[in-house]
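One structure is given below, encoded as structure tokens.
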């Protein structure tokens, strides 16, 4: 098994190749929002560093969102067309789940019970979820298990629910990650009890394809693959015009502006 | 390559059509698949960029697949991929560009980016197989009203353009106000056939003497004022007459200026391009006015006037032949100039 994993939902793009033994080869960019321009170069670098050719790939995985709509579309389109042309299946990985996986070791080493990926969706909105580390039966590998639904939360609502959860377990801590820290750090600091939370360092805070590849490998082993045309973005939000049309508030002004 | 022919796949997603086509030797259309989103955007009264991007993503694989199937070829037969990288809606453009790059990389096919406007001009190479530059081009669409001198393939010297609304934009706005709805161009064209073009005296805006630029916003305002006055006076509005008179005021100026440009630059041919180039009155008036000066008018059939992949394939073919370097770092440029 040789899975290509693509991550373009945040500000930095990356690509990884993982093999059946779990070895990962990655290429990443520190240029912000350079996904469209840079993605093929990153993919090619990851494939070369794995010592294979693109024809040896067995699956193409993409981080499908939530996140930047534009970024999601670049990654998903790239994955869909590569899979179509190479004649191989796709794997759709939740961006929040991959973010949680990515900092799981760090969270465990810091004694945090919960991992909380938070993506900034502006105006106090977030895409977020809460995960807990779960050890497999052999007590060697752990994976992130979802305990608070992946969805859109107002940052204040997310923190309130999280405080309730933390209060159930004495001394439990939450480990935050994602660009939600950059946007809502002050709100988190003032809402959470002292010592009940930690922030991921900037080096590990943003989306990366390595954990996408790890989640994808488990999904491939579990047979959770898709045809290229079944791989869909997880925007977690309707387009604004669709919301207005449904609510019956699509004004003439909006109609004009959108022409 | 198939049977000795150089095959180009063209991909176009700059606005609300997801399109792909296979063209042989830059001239012969082997397939031309256009998946229009008009039915979706009609509910919103115009193209909603976010929804356009979402639909392009869902459709682009199948559109490319069908273009290959219809042409009876497979991806490995394709020698070149061309994709629109601007101008257009950025979210829409990037789906085509991402898809084209992924295919080019996966199948080891060279990729060149195509300027959408060069594509519209190239639509004529598909229709008129003997046509070669130099010629004068008139590009009229929802976003453009431009007169362009074309000295050689994919070389464009813009001589004039609109200073405010594009012709198609003006059509859309007036069509909406008189209740014809979206898309305005074809609906005004149809209504105008039943109306009297001389019934309302809308002004012809020629700007400074000798100018090849256009301005349609004043005309649009005049039309809106006329409608308000009629409504306030309780007079019934004849939609067909408004459509015919308004259309005439737009297309007469366009035709006059296109002919003036061809004369000024000594071109014996005017090539029409863009969605509004399929307007029947503009086509007739161009024949009439250019014909009187001994200038030929060439135009693509309506299916090649709308956004399509074939015109992008043709433009890509000539760019590649002229030595344009394949580029897997191609970016989308929404405000791309000629």
Handout entry: residue A:123/residue B:198 FRET efficiency (R0 60 Å; Cβ-Cβ; nearest 0.05)
Key = 0.65
Exercise for the section: Evaluate the relative contact order of chain B (contact order divided by residue number), counting alpha-carbon pairs under 8 angstrom at least 6 apart; express in whole percent. Expected result: 26
Exercise for the section: Quick one: check the C-alpha center-to-center distance for segment B:45-83 versus segment B:255-331, whole angstrom. Expected result: 24
Exercise for the section: May I ask for the Rg/Rh ratio of segment A:27-159, computed from Cα atoms with Rh as the Kirkwood radius, given to two decimals? Expected result: 1.01
Completion exercise
Put in order of increasing Cβ neighbours within 10 Å, starting from the fewest, B:209, B:118 give B:209, B:118
Completion exercise
Going fewest to most other Cβ atoms within 10 Å around each Cβ, B:120, B:41 line up as B:41, B:120
Fill in the blank from the handout: Going from the fewest other Cβ atoms within 10 Å to the most, one would list B:39, A:157 as B:39, A:157
Problem - Average beta carbon contacts from partner chains per residue of A:70-78, 10 Å cutoff - result: 6
Exercise for the section: Report the residue, chosen from B:137, B:261, B:284, that carries the largest GNM mean-square fluctuation when chain B is represented by alpha-carbon nodes joined by springs under 10 Å. Expected result: B:284
Fill in the blank from the handout: Relative contact order in percent for segment B:133-300 (Cα pairs under 8 Å, 6+ apart) equals 26
Practice task
Would you mind pulling out the separation of the Cα centroids of segment A:173-244 and segment A:15-29, in Å?
Solution key: 19
Exercise for the section: Any chance you could get the radius of gyration and Dmax over the Cα atoms of the protein assembly as shown, in Å? Expected result: 27.6, 92
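The numbers here are math on the coordinates, done by the rules we state, and not lab data. In this text the structure is predicted, and so the values were computed from the model without any measurement. Cβ atoms come from the backbone with ideal geometry, glycine included; neighbour counts cover every protein chain shown.
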